[in-house]
Amino acid sequence: MRDEVPVAIVGAGPVGMTLALCLARWGVPCVVLERSPVPRRVGSRAICQQRDVLDTWDALGAGTLWREGVTWSVGRTYVGDREVRCVRLARLGASPLPAFVTISQSRVEAVLEGLVAKEPTVVVRRGFEVRTLVPDDDGVTLRGDEGELRAAWVVLAAGAHAEALRDAIGVRFEGERHPDRFLICDIKVDLPGLAGERRFWFDPAWNPGRQVLMHAQPDGVFRIDWQVPAEFDLEAARRSGGLDELIRHVVGEQPYELVWASVYRFQSSLADRFVAGLPSALAGSTAASTTSRTWPGSSRRSSGGRLQPRSLGPTTRSGGRPRCTT
Ligand SMILES: Cc1cc2nc3c(=O)[nH]c(=O)nc-3n(C[C@H](O)[C@H](O)[C@H](O)COP(=O)(O)OP(=O)(O)OC[C@H]3O[C@@H](n4cnc5c(N)ncnc54)[C@H](O)[C@@H]3O)c2cc1C
């Protein structure tokens, strides 16, 4: 079967869904092709959303996302066992929206997908993996095992690993990957007073030479990221009790529920073009993959993938617990 549409979007992640909602507002029909037959509702993944994104979602009818999300106002940084910096974030500007919130990507996808389902000009075809793209002078043909679609434009919102599709339109995607990996856990636990704080540890005794990051999500769930060696084996750590030991270093003796755990490798890569000539464009992590952490900088200061916390030296010399600065 060969359909004709003004815009085809490859990928029903948060970026593809947001674009579909924008096109619907502008009266442009589109088809979203998604290889996964069912929505994946797992894990926090892209957890921190800043104001311009919240503003877009608000305008598209997804204001619930910034209302549900949580925000922190105190950021504490530790080197070894010492707190070296404390920053209190002021609420700046006249916007009713917070500067950022944390909310799980699963929840974002569920809300956006619910809105997309109400749009008569958006068709979502799940279970359709686009295998090839053939651009020509008037448009582009998308082919998969499930059929063929012809569109005036295609937007690739297929995630960072869409090499085959980028190659098909001649786009290069270059950058760097950190040798270490990150163990990422969503943990439901009662940690009184910590919901309003972000904590960042460099070189703690319980993760020497590496970093750990913690911040809260809605519903009493905390997200904790540990920098771990490349050979870290999550399933082995579950079996041996090593995972519990890592979690206990952060949450103490409190009872906790492990909601989700995964291991992730950061990459910072950028497409050499976002618009690859008519009729194709790239969006989201197909176009740019980076980390919101301090870590590209850390990476440059690193040696064999391990952090060099001495780069925070000037603040460590102050001694004692730092006062929170604004
Ligand atoms: C464990 C983990 C932790 C993460 N932590 C963070 C974090 O802390 N902060 C952060 O900003 N980001 C994080 N990310 C990355 C985050 O998930 C991405 O930034 C985000 O998903 C990008 O959204 P997107 O819509 O561009 O792409 P995606 O969400 O990747 O969506 C792409 C969609 O395209 C579909 N697709 C791919 N190829 C095809 C094809 N050929 N045909 C049809 N469909 C296709 C995929 O199935 C997918 O649904 C994390 C990811 C993981 C896995």
Report task. Beyond 14 Å, what share of the Cα-Cα pairs of region 47-127 is found? Please give it as a whole percent. Result -> 69 percent
**Report entry** Neighbour-limited loop hits for GluC sites (Glu not before Pro), region 129-199 (at most 16 other Cβ within 10 Å; DSSP other than H, G, I, E, B)
**Finding:** 129, 146
Query raised in the report: Between residue 52 and residue 249, what is the label-to-label distance in nm when each label sits 7 Å out along the Cα-to-Cβ direction?
Result: 3.6 nm
Report summary line: Asserting the computed 222 nm helical MRE of the chain (DSSP H runs at least 4 long, -39500 (n - 2.57) per run, divided by residue count, to nearest 500) equals -6000 deg cm²/dmol
Report summary line: In whole angstrom, the spacing between the Cα centers of region 81-120 and region 214-290 equals 17 Å
**Report entry** the chain, relative contact order [Cα under 8 Å, separation at least 6], %
**Finding:** 23 percent
Query raised in the report: Just how many % of Cα pairs in the chain lie over 31 Å apart, if you round to the nearest whole percent?
Result: 39 percent
Report task. Would you kindly enumerate the cysteines in the chain that have no other Cys beta-carbon under 4.7 Å from their beta-carbon? Result -> 22, 30, 48, 185
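Each value in this text was obtained by applying a stated rule to the coordinates, not by laboratory testing. Predicted model only: the values in this text are computed from it and were never measured. We place every Cβ from the backbone using ideal geometry, glycine too, and count neighbours over all the protein chains shown.
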